[in-house]
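Here the structure is laid out as structure tokens; the discussion comes afterwards.
The values are calculated or read from the model by the stated rules, or taken from the named source; none is laboratory data. Please read these numbers as outputs of a predicted model, since none were measured by experiment. So basically every Cβ, Gly included, is an ideal-geometry build from the backbone, and we count neighbours across all protein chains shown. Accessible surface areas use protein heavy atoms only, side chains included; no ligands, DNA or RNA. Shrake-Rupley method; radii C 1.70, N 1.55, O 1.52, S 1.80 Å.
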Amino acid sequence: MKFTSAALLVLLSLCCQDVAVASSSGVGGRSLRQNPTDNSHRSLAGCPGDDEDFSVSFDGDCDYDELKEAVEDIKSGSCNVNTDTLLQNLLGAGNDAQARDKVKQLCRSAVSDTSEGFDFSDITKKGEQFDNEYYEGGTYFNYEIENDSGDHRLKNDASRINRIYQDEAQSRVIDLPLYLNAFDPDQDGCEIDAAFCCWVQDRQAGDNNGNCGTPYESQCIDRDPGDNANFCYTDHTRSGADVQGGFSIFGNVLNNQENIEGAIHCHGFAWGPDENDVSNIYKGNNLFYVSLYDHMHQRGYVRNAPGSAMCGCAENMAVVTRADCTEIEADQTYTFNYSGSFQSVLSKVKKVRFNACQGANNRNNDLEAYYKRLVNEGKQTQANLEKLQKTLVGAEAGKCNQAIVNFMASKGISRSNGANSISENTITPDMIIVDESEPKIFEVVDNDYEWEKASNTAGKSMPLVAYDVTEDFAEKGTEEEEKPEKPSKDDDDEQSVTMTDEEAELAFQEEEAAAAENYSEDEEEEGEALDEDLKQDGAKCNLAGECESGLCEKQKCAELDIASDNNGEEEDMFSIGGIGATSSSKGGVNNTGDWW
């Protein structure tokens with residue numbers, strides 16, 4: 001029998017249709033389904049996905065092994081292939097590695113597509129500008145302190161924070177606010193997958209944290225948080241705070257002193273780069289807990305260090321010795337639905353727990369140690385750990401000042417050979433001599449700090465503000481020190497203390513009348529006498545007020561030299577070890593002697 005070409009094609013087509021029908025009826029014990037796309041797969045007879053859709057759910061982490069176990073549980077006895085082979089067919093994968101990679105992609109989609117999410121911007125509902133300023137250390141969350149009348153009470157002003165913690169933070173996925181310039185100034189994500197906050201003030205009493213006390217108006221002014229770290233320095237150029245440049249130093253390298261800034265408190269968290277890791281999924285929850293709930297709402301810790309954001313990616317924060325740490329534990333449910341292909345979703349966040357970090361070498365509640373643990377578990381890299389250690393330099397003595405020396409060297413500033421002395425040209429009026437030996441050693445006296453120490457008296461009234469030591473210093477070291485005369489018994493001011501209000505008023509009126517009569521007669525004569533007493537340039541002096549120029553240098557009246565214009569170049573001021581210096585906007589440094 002002969003067939004034309006057209007007839008042969010028809011017979012071939014019918015033959016193929018018969019084979020397909022026979023195959024779908026179960027002949028040979030296997031059905032074949034070919035998908036024209038790259039995600040083609042085979043389903044095996046008697047196995048899940050063969051002739052009907054199915055769904056599986058499992059608790060815990062989302063990964064291939066968890067899905068495999070869930071599918072294994074629903075396999076019937078008629079499915080004669082192992083679960084790995086079945087999953088490869090259902091996923092359209094050619095081997096085990098491809099199957100695992102496809103599950104990883106599905107798990108990422110499960111989190112991004114979940115209905116269990118919560119936007120970080122909905123926490124305060126005050127807008128991006130408010131949130132940004134809060135993480136810079138601003139807004140009334142940071143500034144206000146309760147008064148004795150009960151106004152500005154933190155628990156009332158920030159009551160929404162407590163509701164978010166109870167209703168959302170423990171049962172939803174909160175995103176990390178990388179859109180905030182304060183938190184991520186480079187807008188490129190946290191480079192080393194770590195973030196922390198540092199607070200410098202306590203604004204809430206009665207919570208067993210910090211030294212804010214009651215009554216608020218006398219015992220909660222510029223109070224300190226619980227001290228757990230030291231500032232080393234802040235590089236303003238990398239900060240998310242509204243500072244254009246410069247830096248701040250918090251160590252006295254000259255005298256080998258650290259922890260000179262007073263009490264601060266730092267706390268942070270870290271995560272693995274795997275988007276399916278619990279530490280990564282709930283990093284926004286962790287930021288909310290650390291920054292807004294646990295420390296601001298519960299403890300009253302607020303405000304930022306000069307030149308640094310209050311909270312941010314670790315690489316943008318102030319360089320400090322260490323930070324406490326919180327890690328996430330979560331009970332969650334994933335659901336995989338199969339209908340020709342898999343769809344996945346994080347279907348339920350049952351409970352999010354905030355725990356103290358368990359670190360490497362049994363160092364707990366420590367951010368650096370927790371990061372080492374992530375490295376040990378293969379969730380982070382050694383290179384990233386070393387980058388973090390440039391910001392968390394270690395609490396051992398000397399490490400903070402060494403970090404300062406290294407940072408200054410990166411700015412082209414090195415310690416001089418005479419590091420134990422300073423030039424007389426760098427002595428400023430706020431210094432006092434702490435060692436009379438030659439060369440003299442000077443130390444800066446911070447009146448605010450001295451007052452703060454004196455004011456740390458719980459339950460007592462605030463002390464008087466410390467006086468300015470500038471005049472005392474200006475007279476120190478002169479050949480003839482002038483001591484103030486003690487008031488005589490006849491001094492009007494001394495006697496006025498014992499006057500009644502009526503007597504004091506009458507005495508005041510009499511003095512005013514007498515002064516008015518004598519003013520016109522004495523004005524010209526007194527003016528001439530004062531001018532005659534002023535000393536010319538080069539004359540010996542003790543105080544600037546003795547010189548006609550108004551300038552007394554090295555116990556001699558000096559000519560007043562008006563600085564010339566700097567041609568528009570800006571200058572940044574900084575100090576190290578209490579000794580001042582000036583750097584120009586072009587990066588040069590005006591070092592006037594052995595200054596650190």
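May I ask you to derive the FRET efficiency for THR214 and GLU377 from their Cβ-Cβ distance with R0 = 41 Å, giving the value to the nearest 0.05?
Efficiency computed from Cβ-Cβ geometry: 0.35.
For LYS350, tell me the accessible area in Å² from a 1.4 Å probe, rounded to the nearest 10.
Counting only protein heavy atoms, LYS350 exposes about 100 Å² to solvent.
Would you mind pulling out the separation of the Cα centroids of segment 236-273 and segment 139-182, in Å?
Spelled out, the Cα-based centre of one part sits 24 Å from the other.
What accessible surface, in Å², does a 1.4 Å probe find on LYS155, ignoring ligands, DNA and RNA and rounding to the nearest 10?
90 Å²
With a ≥ b ≥ c taken as the square roots of the eigenvalues of the C-alpha gyration tensor of segment 89-221, please select rounded if a/c is under 1.5 and otherwise prolate if a/b is larger than b/c or oblate if it is not?
Judged from the Cα gyration tensor, segment 89-221 comes out prolate (a/c at least 1.5, a/b above b/c).
Please report the relative contact order for segment 79-228, taking Cα pairs under 8 Å with a sequence separation of at least 6, and give it as a percent rounded to a whole number.
Value for segment 79-228: 18 percent.
So for the pair GLU505, ASP207, with labels modelled 7 Å out along Cα→Cβ, what separation do we get in nm?
In this crude label model, GLU505 to ASP207 measures out at 5.0 nm.
Taking a 1.4 Å probe, which of THR381, THR335 shows the most accessible area, and what order do the others take after it?
THR381, THR335
Tell me, what is the 1.4 Å probe accessible area of HIS267, in Å² to the nearest 10?
10 Å²
Could you give the length gained on full extension between ALA97 and SER115, defined as 0.36 nm per residue of separation minus the Cα-Cα distance, in nm?
Full-extension gain reported as 3.5 nm.
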